[in-house]
Amino acid sequence: MSELKPLVFSGVQPTGTLHLGNYLGALRRWVTLQKDYECFYCVVDMHALTVNPVPQQLMEYTREAAAMFLAVGIDARKHAIFNQSRVFQHAELAWIFNCVARIGWMNRMTQFKDKAGKEREKASLGLFAYPSLMAADILVYRATHVPVGEDQKQHIELARDIAKKFNKDYSRRIASLGLGVDMSVGDDIIAGFFPMVEPLIPEISMRVMSLRDGRKKMSKSDKSDFSRINISDTPDVLLRKIRKAKTDSKPLPDTEADLVDRPEANNLVGIYAALANIDKNTVLMEFCGKPFSIFKQILADLLVEKLIPVALELHRLKQDPDYIDSVLKEGAIRASAIAEKTMKQVRDIVGFLQG
Ligand code: TRP
């Protein structure tokens with residue numbers, strides 16, 4: 001039985017300016033993966049529609065996200081950078097997955113519960129089916145690895161559940177068409193069409209929290225710009241935001257364990273550790289007993305050192321929207337070729353007449 005070639009897929013929603021959380025939690029990882037894998041990096045504009053953006057803004061943020069992929073160092077000559085809506089096969093497969101997935105599975109998604117809030121009946125069908133489209137994003141390339149933050153783990157598990165059920169529901173058909181590949185899970189050798197995707201979640205799980213409230217995730221939708229570090233912030237702004245970041249009155253402790261009940265301190269130490277590529281205990285060895293005023297200054301310097309080169313490149317790229325558009329278009333052509341190959345087989349499997 002043949003095996004699938006390892007392939008990486010990941011996506012970011014164009015719903016706002018990208019911030020430090022996107023960079024440390026996901027994008028930085030994308031850059032390293034391109035050495036060992038063929039990668040598909042997608043601006044998921046169809047997912048963004050679930051929050052009803054203003055059309056002009058959606059276009060602007062789509063270009064901005066693509067510019068960010070390039071600015072952090074994704075090589076568009078080697079890997080595909082594209083916007084989701086250009087590859088219609090994502091939507092086509094999502095529909096098929098809507099017929100595989102169960103309502104109960106969607107009801108359990110914590111992201112849906114959070115986003116829909118108390119008004120569940122009024123949430124859009126798109127928001128509810130979001131994970132099904134996400135599974136289609138990944139599986140339309142039969143991707144094997146998906147780098148995401150911790151918060152997306154449940155969605156990846158759902159993609160695995162959908163793949164498993166599809167493989168099982170259509171197992172005979174898949175076998176008779178000779179489309180099964182080796183999907184070994186542990187000792188079980190099973191044939192299936194869709195792979196069991198592996199989430200690649202950063203080992204030092206980096207959840208960057210709001211600078212105003214250490215219990216809330218840093219988010220592009222937070223009303224206060226002082227809650228987040230945008231990749232495009234100037235050195236002045238970076239310094240001001242870090243100075244104003246909420247802290248407590250105690251100096252820094254000497255071990256990570258003592259950060260447990262100090263979410264804001266924990267967040268700032270975590271950001272420092274992630275940027276410097278060291279663990280939190282190593283950071284604390286250097287700064288324990290020091291007041292936040294000193295630590296914040298050094299943290300701001302580190303942020304400037306790491307982010308300003310990316311910000312400058314981003315600024316340069318944003319002057320040239322035609323170039324960004326050509327990258328997205330090229331990327332979509334490449335992605336479509338693979339997606340269409342998968343869909344031809346899927347249409348056969350489920351029994352759609354085609355050709
Ligand atoms: N849901 C992801 C997020 O909000 C974005 C996303 C959409 C995604 N499709 C994907 C991530 C496929 C990885 C793979 O961050």
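Readers should treat all values here as calculations from the given coordinates under stated rules, not as data from a laboratory. The structure presented is a predicted model; accordingly, all values stated were derived computationally and were not measured. Please note: Cβ atoms are built from the backbone with ideal geometry, for glycine as well, and neighbour counts cover all protein chains shown.
Brief remarks on what is shown
- Helix 263-276 axis versus longest C-alpha principal axis of the chain: approximately 70°, rounded to the nearest ten.
- Label point of residue 281 set 7 angstrom out along Cα-Cβ; within the stretch 227-265, amide nitrogens under 13 Å from it belong to 254-258.
- Degrees separating the helix 235-244 axis from the principal Cα axis of the chain, which is the longest one: 70 degrees
- Of the chymotrypsin sites (Phe, Trp or Tyr not before Pro) found in the stretch 63-96, those in coil by DSSP whose Cβ has at most 16 other Cβ atoms within 10 Å are 88.
- Mean projection area, nm², convex hull over Cα of the stretch 1-93: 7.2 nm²
- Taking 144, 17, 110 as the candidate residues, the one with maximal mean-square fluctuation in a Gaussian network model of the chain, Cα springs under 10 Å, is 110.
- The rule of thumb for compact globular proteins, 2.2 N^0.38 Å, goes into the C-alpha radius of gyration of the stretch 160-281 1.66 times.
- Computed lengthening from residue 329 to residue 105, 0.36 nm per intervening residue step minus Cα-Cα distance: 77.2 nm
- Helix 89-98 axis, angle to the chain major axis (alpha carbon atoms, nearest 10°): 80 degrees
- Comparing 140, 31, 148 in a Gaussian network model of the chain (Cα springs below 10 Å), the most mobile by mean-square fluctuation is 31.
- Distances between every pair of Cα atoms in the stretch 261-355, grouped in 5 Å steps from 0 to the bin holding the largest one, split as 2, 10, 13, 12, 8, 7, 8, 9, 9, 9, 6, 4, 2, 1, 0 percent.
- Note on residue 32 and residue 240: their simple-model spin labels are 3.4 nm apart, each label 7 Å out from Cα toward Cβ.
- Using a Förster distance of 22 Å, the FRET efficiency for residue 2-residue 177 (Cβ separation, nearest 0.05): 0.95
- Ratio Rg/Rh [Cα only; Rh per Kirkwood] for the chain: 1.00
- The chain: calculated mean residue ellipticity at 222 nm from DSSP helix runs of at least 4, using -39500 (n - 2.57): -15500 deg cm²/dmol
- Unsatisfied cross-links (Cα-Cα over 31 Å) in the set 244/306; 250/318; 220/280: 250/318
- Contact order relative to length of the chain, as percent, for alpha carbon pairs under 8 angstrom and 6 or more apart: 23 percent
- Once both labels are positioned 7 Å from their Cα atoms along Cα-to-Cβ, the gap between residue 225 and residue 115 label points is 2.6 nm.
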